[in-house]
Each structure stands twice: as structure tokens, then as C-alpha cells.
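Visitor: Before I ask anything, here is the structure I am working with.
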Amino acid sequence: KKKKREEEKKRKKRKRRRENQNTKKMSYGLYELRSWMYNQRDPVTGEVTREFVEGLHGFFNQARNEPQAMQTGKIFCPCAKCRNKKYIAVDTAKTHVFNRGFVPNYYVWYFHGESQYNTSHHDAGTSGSGRGVEEQNYNYGIYDYYGHPDILENDIGYQQGNRFHDMVTDAFHETTPVLADNPPEAILEEPNIDAQKFYDMLDAANQPLYEGCREGLSRLSLAARMMTIKSEDNSSESNMDKWAGLFQEYLPEDNLSAGNYYEIQKLVAGLGLPYEMIDVCIDNCMIFWKDDDKLQECRFCGKPRYKPTTGRRRVPYQRMWYLPITERLKRLYQSEMTSASMRWHAEHSTHHGEITHPSDAKAWKHFQTLHSNFANESRNVYLGLCTDGFSPFGMSGRQYSIWPVILTPYNLPPTMCMQREFLFLTILVPGPKHPRRSLDVFLQPLIDELKQLWYSGVCTFDYSQQQNFIMRAVLLWTISDFPAYGMLSGWTTHGRLSCPHCLGRTEAFQLRRGRKPCWFDCHRRFLPTNHRYRRNRVLFTKNKVVRGPPPDYLSGQELLDQIDHYGGEETCKRGGNWHCTANMPDGYGQAHNWHKKSIFWELPYWKDHLLRHNLDV
């Protein structure tokens, strides 16, 4: 064993020596070409350099296109800590590298598709075909992500080092091509209110603060810095007014700095997206919203809305956050990068019988058949909802349950619709208590907005076709684990009747000694009638032959009628804590497991779906 350990040490030492020799052999051309890998931050400003960001995207674009990465979605992480030893997801590796930097001397990407042969061309020096091939291969990785280099250099209004311009384009999903020197002749309309806000922000980002000032100093940059200082130091509005007046007085004449705090707020207001903070009953009975906005106490449990305080500002016991979805869907069409992709679901083609996207499946086509007017407009949006709880403090922290509700548009191709930037957080259900069966209380604002998007829609500008149109939206289904399935659907997912497909026609039974429900041998009735397992008396329940058919599939309307028959009520009308054993509908736990009428039944099209709730396993 001692000899083996010594041999292993010698082998690793030889490997490191060989890697160092390969690095020394590397030409100056390749070193210069990939010097961005170790120049992550500007030594003066401390900001992440654009060169590093572009190079990072190019590296991971090349790495994810390797055959093994395309199959598994994982690569060896090249960060300074993992050192190409951990095989993890591409996005996770990208985050590692951005936070920790690259492993030292990794100029040749051995673990990500490059071999030593690629570097041998560089031994002759910086001139010759070798460097050209390597530079071309590297640039392809960059161009695949950002486009042709001319587009990068001629990006509308871009100035090197002006990160506030980038902040504006990020906030508005890069609608900057509308401001080209030679705009398309098809754009004949005056900018709408949203577009005008963007133009004002872009002008503020590019316009110098005063004549002759240093590059990157603009009216927006000064306003953003002042807002940062106010937030960090908790400064008052009157104090910010004094600072703004001081800047105007001491800066050169004709400067463009904001004169007071109100102007600063007005200037930076367009960067963010709208959100609402809604007060919630301390016991999750109700939210103080719309008609209940002025109430001082819960109308179900009678507990006060606000904490007792001596100050003027009243502090609620609990709040939820709601981020409307409409504006984010509109920006998908305002962006040149995503507007055309939002029609992919209707324009792509697949072989018969293959499912490459949810739009190829039976449930999607069934809905389009019933609602042909909605389906005729390919720019209407198809949404999916998912939710799950987690503890922000980890397993070792105190008990705390917080529930995000996320929507994603399925109009986009498979390579885009599951990326992080297209998973839209809409609701953040506060903790520390588990919402349990009161989740519908928090979904009210979202359901109300979805109904508006279905009935009336919203006027949206499609950049790819240079048209204004009425955008409507539909919620296709939910995705959750099994416990959350019961919270969303209204069918309790524990006990003997926990199966939401069999409903009350289950063949589950309780174990004699443990009294736990068991579903052994309940699956054979779903097999074809002539299947040999139906007649097997040995492999399953002894001496049992299954001849009966599977339970009938109930349509959405039949399920709704069943809920109404048993007296299922909506959580929002009876309070979030109404679902105790004494208040359950008649027959609960014996004939059915409906503990409520889900809030999703308020959507006029919910009963028309073939598939309403998906199980995430």
C-alpha cells in the first residue's frame, strides 16, 4: 500500500509537470487571446469587465455544445475551487466560475473539447495559420452567443464602460434596435408610454452629465449612485434634496444633474418592474386586497391587521409580494431577441407521433380545438405554473417555509423556455408558517390578472413584425410535487383515497397491523384486457385474477359537478383556516377527498383542459 501511494504521488507530480510544460510551450498568441480568463475585474473601478463576460459566455457556449454535455447537460467545472474535478450542471459551473474565477493556467481547454493538437499550431509563434484557427474557433463561441462582431461593435448607443446603459437595456430586454440611425420604414406610430419611458432612460444613460466630463458620467449614473447612498445610509428625502441642490450648484453650468429627490425618483423609476406588497392575516385567513383593502382586522378570525406601535407608520403582521406578469410578457415581444421566438410553438414542424415540445401533445391540441379563436393568434401566450416550498435558512436553520409561485411561457422553443431568465417569479408566499390549504388565498391576485388576460388581453407591440396586437394568455396546467398537488387541486393527497386519478374508485386498502394505506396490486386493471398479467395468480395477490376495467376518466366539467355535489367551497370565501375536519364536505374521506373547490376553477377555460395538474417527481 505504501508503494502504491508513492507511485500515485509520483504520477500526479509527473502530470502537473507535464501540464506546466504544455503551458510554457503555449504561444504568446493564445495567451493573449485568452488573457480575459484572468482579468475578471477592472483594477480601477472594481467592476466585472465586459471582456470577461463575453469570454465567459463564449466558453460555456462551446462547452455545452460538446456531445457529452449535450446528452447529460453537465460539464467539468473549471472554477478555481472545483479544478475540473466535479461534474456538475452547466449553469451551476457558470455561476462557480463567475464567483471564483478560472482554475490557474487553464488556457487550453482540455476538459471542454480541446486537445493538445490545437496548441501545437502555436509553437511556431503568433503568426501563421495556427493562431488563426484557434482564434477562429474561439470567436465562433462568442459569435454564436452574441452574433457577428460588427453587431457587437455597432450596438446602438453602446459605450465602453457605460454600465448604466447596459442596466437600461437589461431592464427593457434590449429593445434598443428601434433607435437605429435608419429605423425601419414600417415604424410609423408614435412611441407608446412604455416605449417613451425607455427612450428617456436611454437618453439619460448616454447623455454626458456636463460638457467635457469623464466618459461614463451621466445624469442616470449620478441618480443611481445617489439612490444607492440613500438606501445604504437610510437618508431622508430632505437630505437628498440638499445633496441634489449642492451638486447642481458646484458642477459646471448647464449640467444635467437632478435638482431634487423627486426628479431622481422619476428618472430611475423606469428601470424596475411593478410589484405589489399586500398585507396578509397573521393566520393566513385572507389578504387585505381590493374590497378588503381598508379593513383593520381579519373578517374571519378577527385578529388585527397591524402591530401595535407608537409611530405614525403602521406595520402589518404579515405581507406577501406579488409581481404582475403582464408587463414581463409584453417585454418578450418588445425585445428583438425574443419576439420572433414567441411564435415558435406554432411555426415549428415535427415528425408525426413525436413530441419535442408541449405544443405537440394531445392536451395542447385539444385546447386549441375548443378555443380556435385563441389558437388563431399565434402570439397569444401559453403559461405553466409551478410552486414548491423551501427553507431559506437550510436544513440546519430554524423552521421556516417560504413558497415561490413561478410562471413560464411555453411559446418559446425547448432550449429557451426552461432557462432561468424565462422563469417568472409572480408570488412570494411569506413564512414562517406553511400555507397548507390556504394557498388559494395568496393566488387571488394572479388569478384575477389571468382572467383579465383571457377576457380582454393587453395591447402589445411585436418588434419582429412591427405590429401592435392584443395579447391574451392562458394557464395550461400546474407542476408540483405530490403534497403541493393537493394544495393546488383541492383533492387531499394522503390517506386511502389519495390517488387523484382513481378518486373514489380506488382499490387501496389498509394494512392489518400498521394501519397504513397500501396500493399493492392496484395497477393491473390499467393493463390491456388481454394482458397476461391480469390472469397471473402468482406474481401479485395470490389466486387473484383482475378482469375489471380501469376507472373512467372524468372531464373537467364532470369533476366540477362532483365538487359542487359534495359541497366543496372556495377557500377565499370561507377563510384560509376553514379547512378543519369539522368543516369538510359530506362524505370526505369515505366517498371522496375533496377538501375545497380550487381557485383555478374560476378560470373560464379550466374545465376544458385535458391535463390540469402535473406531478413533478
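Visitor: When the range 228-257 is examined, which residues are found to be among the acidic types (Asp, Glu) and not in a loop (DSSP other than H, G, I, E, B)?
Guide: Residues satisfying the conditions are Glu232, Asp233, Glu237, Asp241, Glu249.
Visitor: Kindly check whether there is at least one residue in the range 428-440 that is within 17 Å of Leu603 (Cβ to Cβ) and in a helix (DSSP H, G or I).
Guide: yes
Visitor: Here is a follow-up. One residue is enough: does the range 305-315 have a residue meeting the conditions of a type in the set (A, V, I, L, M), buried (at least 16 other Cβ atoms within 10 Å of the Cβ) and modelled with pLDDT of 90 or more?
Guide: no
Visitor: Hey, another quick one. Would you be able to say whether some residue in the range 566-576 is in contact with a His (Cβ under 9 Å, 6 or more places away or on another chain), over 26 Å from Ala363 (Cα atoms) and of a type in the set (Ser, Thr, Tyr)?
Guide: Yes.
Visitor: Same structure again: Which ones in the range 280-295 are in contact (Cβ under 8 Å) with a residue 40 or more places away in the chain, assigned to a loop (DSSP other than H, G, I, E, B) and surrounded by 20 or more Cβ atoms within 10 Å (Cβ to Cβ)?
Guide: Cys281, Asn284, Cys285, Met286
Residue by residue, here is whether (1) surrounded by 11 or more Cβ atoms within 10 Å (Cβ to Cβ); (2) within 45 Å of the chain's Cα centre (by Cα); (3) in a loop (DSSP other than H, G, I, E, B) holds:
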position: Arg512; (1), (2), (3): no, no, yes
position: Arg515; (1), (2), (3): no, yes, yes
position: Cys522; (1), (2), (3): yes, yes, yes
position: Pro551; (1), (2), (3): yes, yes, yes
position: Asp564; (1), (2), (3): yes, yes, no
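Visitor: Would you please name the residue that is modelled with the lowest pLDDT, looking only at residues in the range 208-227 that are within 21 Å of Trp243 (Cβ to Cβ), out of contact with any Pro (no Cβ under 6 Å at 6 or more places or on another chain) and assigned to a loop (DSSP other than H, G, I, E, B)?
Guide: Here the answer is Gly216.
Visitor: Going by the conditions given, is Arg331 without any contact (Cβ under 8 Å) to a residue 40 or more places away in the chain and either in contact with a Phe, Trp or Tyr (Cβ under 7 Å, 6 or more places away or on another chain) or β-branched (Val, Ile, Thr) (or both)?
Guide: Against the criterion (without any contact (Cβ under 8 Å) to a residue 40 or more places away in the chain and either in contact with a Phe, Trp or Tyr (Cβ under 7 Å, 6 or more places away or on another chain) or β-branched (Val, Ile, Thr) (or both)), Arg331 does not qualify.
Visitor: Inspect all residues belonging to the range 568-586 and state whether any of them is touching a helix residue (DSSP H, G or I) at 6+ places or on another chain (Cβ under 6 Å), at pLDDT 90 or above and either crowded, with 20+ Cβ neighbours inside 10 Å or among the small types (Gly, Ala, Ser) (or both).
Guide: Checked against the condition, which is being touching a helix residue (DSSP H, G or I) at 6+ places or on another chain (Cβ under 6 Å), at pLDDT 90 or above and either crowded, with 20+ Cβ neighbours inside 10 Å or among the small types (Gly, Ala, Ser) (or both), the range 568-586 yields no hits at all.
Visitor: Name the residues in the range 37-93 that are more than 30 Å from Pro414 (Cα to Cα) and part of a loop (DSSP other than H, G, I, E, B), would you?
Guide: Listed by number, the residues that qualify are Asn39, Gln40, Asp42, Pro43, Val44, Thr45, Gly46, Glu47, Thr49, Ala80, Lys81, Arg83.
Visitor: Among the residues of the range 415-424, is there at least one that is within 26 Å of Thr338 (Cβ to Cβ), surrounded by 19 or more Cβ atoms within 10 Å (Cβ to Cβ) and of a type outside the set (Lys, Arg)?
Guide: yes
The values are calculated or read from the model by the stated rules, or taken from the named source; none is laboratory data. Predicted, not measured: the structure shown is a model, and the values here were computed from it. FYI the Cβ positions are ideal-geometry reconstructions off the backbone, even for glycines, and counts take in every protein chain you see.
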